[in-house]
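Okay, so here's the structure we're looking at.
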Amino acid sequence: MGAINLQQLLESQQLERCPFPIPAGWFHVDFSENLAKEEIRNVYIFGQEWVLFRSESGQVGMTDPYCPHLGAHIGHGGKVVGENIRCPFHHWEYDTEGWCKKIPYGKVAPPITKKQAILRTLPVVEKYGMIWAWYHPKCEAPSWELPYIPAIEDESGWTGDRKGSWTAHTAIQEIAENGVDFAHLKFLHGAEAIPPAEVNFDGHIIDINMANGYIVGRGYGPGLNIFEFTQNGVSATMISYTQPIDVDKSQMNMSFRHKDYPEGSQELMIAKKIVDHMIGEAEGEESAGFESVDFIVWNHKKYRPNPLLCDGDGPVLQFRKWFKQFYVADEDTLAKI
Amino acid sequence: MAQVHVTTREGEVRTLEAEGGSPLMEVLRDASTGVEGTCGGMCSCGTCHVYVVDEWVARLPERSEDEAMMLEALEDFVELRPGSRLACQIVLDDDTSGITVEIAPAA
């Protein structure tokens, strides 16, 4: 510790773009309305394929594709039967938690099927009108719950159906790191000045307050961030739910909401302008939204585990230390992060 | 070499010899004694059920939880005896050489 490794600064070939494993946490899988009852769909996320299905009663299951019996891909030819998904090969059936519920020909069910689930499934909840899955590389149970988000869960008082989805060719940590890199807001985004900011870390939660309340953000693990932007007393909310598709590919998804201000009001106009500004370049705004400028950096940068930081940079290292809690990996891998 | 004396379902009595360290299930299966050993030794099919003769029962290691659960499940179909074991859980070696078993009926 303590000294700058000049060799590392001068030579970048050994640097990797994305040395991170897929982090553990709750992640958006899809919108609930996109999965009908008795539907089966193969989805690629967390660096592998999964079979997503909705049972007859409406329960969602997300399973490893390969049948524990003889390895058939359940998502190719499988079928929802009642509360179970049925493998096409020998019609073994599994429920949404991966318990083997039926083997249609064996007289004696293998004892293990009575003791535990044998098909890997991810814990799934439906919230905010979406399907969320808990990913943990070692299949551990969720260690925290998804929060209540008034802007998207309250039945009245809020509006806004704008959504966006963008592919970034980098890891989720690299995207999130920009949230604490306050200096880049001036230089990459063209903000008037580097905003004053405060960051706090508490367990799986990170709190960011930028420009004295202009942007107040809270992150819940690696897969959910809620930012409230306030201008002239009017607020708009950005709910951001990025998916780790692969170690070097992330799908950034956002929903934009604001209070149900009266039609034609000044407040509504401001709220809509804030939303425009969050996404792209709003008319009359001096700085650029993330869409127009961040991707060029994310898609090409390499990760420096030992960056050369100067005063005026944000709490990048504190952020990295906080984010490390979501990685479940061997020491060699963690050392590169 | 280790030996096992086996009585088949048809009542035929045979003595088999095998390399020490072989799972008893494989020895019985490969000699076509009626043992199938479908699952390969994971206590999940119950097709290698044998009755170990009384004097050998106490000389074998205890049943594992998985083996006990499978035997319990088999009880709906075939007679269980104190000597009921899954042959896949018995290693034929110097300690068990000379063991006498009877192949249990198929479930």
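The values are calculated or read from the model by the stated rules, or taken from the named source; none is laboratory data. Values in this document were obtained by computation on a predicted structure and should not be read as measured data. Note that we place each Cβ from the backbone using ideal geometry, even for glycine, and neighbour counts take in every protein chain shown.
Some points to look at:
- Yes/no for A:Ser156 being touching a residue at least 40 places away in the same chain (Cβ under 8 Å), surrounded by fewer than 17 Cβ atoms within 10 Å (Cβ to Cβ), of a type in the set (Gly, Ala, Ser) and not in a loop (DSSP other than H, G, I, E, B): no
- Residues of region A:104-117 classified as surrounded by fewer than 17 Cβ atoms within 10 Å (Cβ to Cβ) and either more than 10 Å from every other protein chain (Cβ to nearest Cβ) or in a strand (DSSP E or B) (or both), total: 3
- A:Gly106 being at pLDDT below 95 and either more than 22 Å from the chain's Cα centre (by Cα) or closer than 30 Å to A:Trp166 by Cβ (or both): yes
- Residues that are in a loop (DSSP other than H, G, I, E, B) and crowded, with 18+ Cβ neighbours inside 10 Å, drawn from region A:232-247: A:Tyr241, A:Thr242, A:Val247
- Reported count of residues in region A:285-303, each being at pLDDT 95 or above and part of a loop (DSSP other than H, G, I, E, B), is 4.
- Pair list, Cβ < 7 Å and 6+ apart or interchain, from region A:88-111 residues that are closer than 30 Å to A:Ala141 by Cα to residues that are part of a loop (DSSP other than H, G, I, E, B) and of a type in the set (Ser, Thr, Tyr): A:Thr96/A:Ser55; A:Pro110/B:Ser44; A:Pro111/B:Ser44
- Subset of region A:159-192 that is assigned to a loop (DSSP other than H, G, I, E, B) and among the acidic types (Asp, Glu) - its residue that is farthest from A:Met252 (Cα to Cα): A:Glu192
- Qualifying positions in region B:60-91 - under 14 Å from the mean Cα position of the chain (by Cα), of a type outside the set (A, V, I, L, M, F, W, C) and over 17 Å from A:Thr113 (Cβ atoms): B:Pro61, B:Glu62, B:Arg63, B:Arg81, B:Pro82, B:Gly83, B:Ser84, B:Arg85, B:Gln89
- Here is the figure for region A:78-103: residues that are of a type outside the set (Gly, Ala, Ser), part of a loop (DSSP other than H, G, I, E, B) and away from chain B (no Cβ under 14 Å) total 9.
- In this entry, B:Leu80 is excluded by the filter for residues that are in a loop (DSSP other than H, G, I, E, B), hydrophobic (A, V, I, L, M, F, W, C) and more than 14 Å from chain A (Cβ to nearest Cβ).
- In region B:46-63, the count of residues that are free of Cβ contacts under 8 Å to residues at least 24 places away in the same chain and either within 14 Å of another protein chain (Cβ to nearest Cβ) or crowded, with 19+ Cβ neighbours inside 10 Å (or both) is zero.
- Any hit, region A:67-74, residues being in contact (Cβ under 8 Å) with a residue 60 or more places away in the chain, on the phi < 0 side of the Ramachandran plot and not β-branched (Val, Ile, Thr): no
- Some residue of region A:215-231 being touching a His at 6+ places or on another chain (Cβ under 8 Å), of a type in the set (Ser, Thr, Tyr), in a strand (DSSP E or B) and under 19 Å from A:Ala24 (Cα atoms): yes
- Checked against the criteria, A:Lys163 counts as basic (Lys, Arg) and modelled with pLDDT under 95.
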